[in-house]
Amino acid sequence: GAGVSQSPSNKVTEKGKDVELRCDPISGHTALYWYRQSLGQGLEFLIYFQGNSAPDKSGLPSDRFSAERTGGSVSTLTIQRTQQEDSAVYLCASSFLNYGYTFGSGTRLTVV
Amino acid sequence: GDSVTQMEGPVTLSEEAFLTINCTYTATGYPSLFWYVQYPGEGLQLLLKATKADDKGSNKGFEATYRKETTSFHLEKGSVQVSDSAVYFCALSWMDSSYKLIFGSGTRLLVRP
């Protein structure tokens with residue numbers, strides 16, 4: 001597609017359940033980023049993938065969070081044993097070199 | 001560590017008023033600076049950027065000048081419109097291999113007719 005696609009757009013889950021969030025980047029974009037936007041907060045960097053290099057996981061808040069990127073394209077962010085503080089909008093972005101990011105519309109996660 | 005600080009919102013203005021949203025950064029060296037905008041129900045979009053000191057980024061009537069002396073990148077527009085109502089994020093990035101962005105907390109702008 002023409003843009004970065006994220007699914008689902010909204011997700012409500014019970015505390016303690018696992019969730020998977022998906023990101024389809026723009027075709028040909030080598031870099032993929034995950035950010036988290038909590039209510040009243042800025043955007044918090046989570047993880048970054050670049051080509052076949054090892055991902056930069058320095059922003060993941062706990063070991064309950066993990067992400068993978070298959071075939072250099074689609075990425076899945078997994079949150080295990082969700083907690084209420086995980087409620088946020090999770091944004092994915094892709095880029096080609098330093099020509100600027102394109103963000104998806106995000107997945108709004110609500111943990112009840 | 002590196003950080004970005006923005007003025008808290010919401011900022012409420014009448015149409016055609018002058019807009020300033022303050023942004024300052026803390027970093028060692030001279031990163032690239034950005035303003036992103038998030039319209040209601042939409043994803044983040046790059047509004048403008050500046051990659052070195054004294055550069056001025058501009059787009060859609062918005063401007064911001066990279067001031068290394070004051071470590072600032074304030075966003076300005078001479079005459080706002082209702083359609084400018086959105087959340088504005090200031091950010092910095094090092095143009096190294098990752099181009100990871102560090103964002104401020106965002107400033108909501110509400111423009112009344």
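Structure summary
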| item | result |
| --- | --- |
| Residue in the stretch A:75-95 that is touching a residue at least 24 places away in the same chain (Cβ under 8 Å), farther than 23 Å from A:VAL12 by Cα and open to solvent by 20 Å² or more (accessible area, probe 1.4 Å) present | no |
| Every residue from the stretch B:61-107 that is under 21 Å from B:GLY43 (Cβ atoms) and β-branched (Val, Ile, Thr) | B:VAL82, B:VAL87, B:ILE102, B:THR107 |
| Any hit, the stretch A:45-58, residues being within 14 Å of chain B (Cβ to nearest Cβ), in contact with a Leu (Cβ under 8 Å, 6 or more places away or on another chain), of a type in the set (Val, Ile, Thr) and part of a strand (DSSP E or B) | yes |
| Qualifying residue in the stretch A:35-42 (condition: outside any strand (DSSP E or B), of a type outside the set (S, T, N, Q) and open to solvent by 30 Å² or more (accessible area, probe 1.4 Å)) | yes |
| Residues located in the stretch A:1-15, provided they are open to solvent by less than 40 Å² (accessible area, probe 1.4 Å) and outside any strand (DSSP E or B) | A:GLY3, A:VAL4 |
| Single residue of B:GLU69, B:GLU15 found to be touching a residue at least 24 places away in the same chain (Cβ under 8 Å) and among the acidic types (Asp, Glu) | B:GLU15 |
| Test: B:LYS49 is buried (at least 18 other Cβ atoms within 10 Å of the Cβ) and away from chain A (no Cβ under 11 Å) | no |
| Residue in the stretch B:81-113 that is nearest to the chain's Cα centre (by Cα), counting only those that are more than 14 Å from chain A (Cβ to nearest Cβ), surrounded by 19 or more Cβ atoms within 10 Å (Cβ to Cβ) and not acidic (Asp, Glu) | B:LEU109 |
| Single condition B:ALA27 does not satisfy, out of (1) surrounded by fewer than 18 Cβ atoms within 10 Å (Cβ to Cβ); (2) without any contact (Cβ under 8 Å) to a residue 24 or more places away in the chain; (3) aliphatic (A, V, I, L, M) | (2) |
| Residue in the stretch B:72-80 that is among the aromatic types (Phe, Trp, Tyr), without any contact (Cβ under 8 Å) to a residue 60 or more places away in the chain, buried (at least 17 other Cβ atoms within 10 Å of the Cβ) and in a loop (DSSP other than H, G, I, E, B) present | yes |
| Scope the stretch A:99-112; condition at the interface with chain B (Cβ under 8 Å from one of its Cβ atoms) and open to solvent by 60 Å² or more (accessible area, probe 1.4 Å); matching residues | A:SER105 |
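The values are calculated or read from the model by the stated rules, or taken from the named source; none is laboratory data. Since this is a predicted model, take the numbers as computed values, not measurements. Heads up, the Cβs are rebuilt from the backbone with ideal geometry, glycines too, and the neighbour counts pull from every protein chain shown. To get the accessible areas, we keep the full protein, side chains included, count just its heavy atoms, and leave off ligands, DNA and RNA. Shrake-Rupley method; radii C 1.70, N 1.55, O 1.52, S 1.80 Å.
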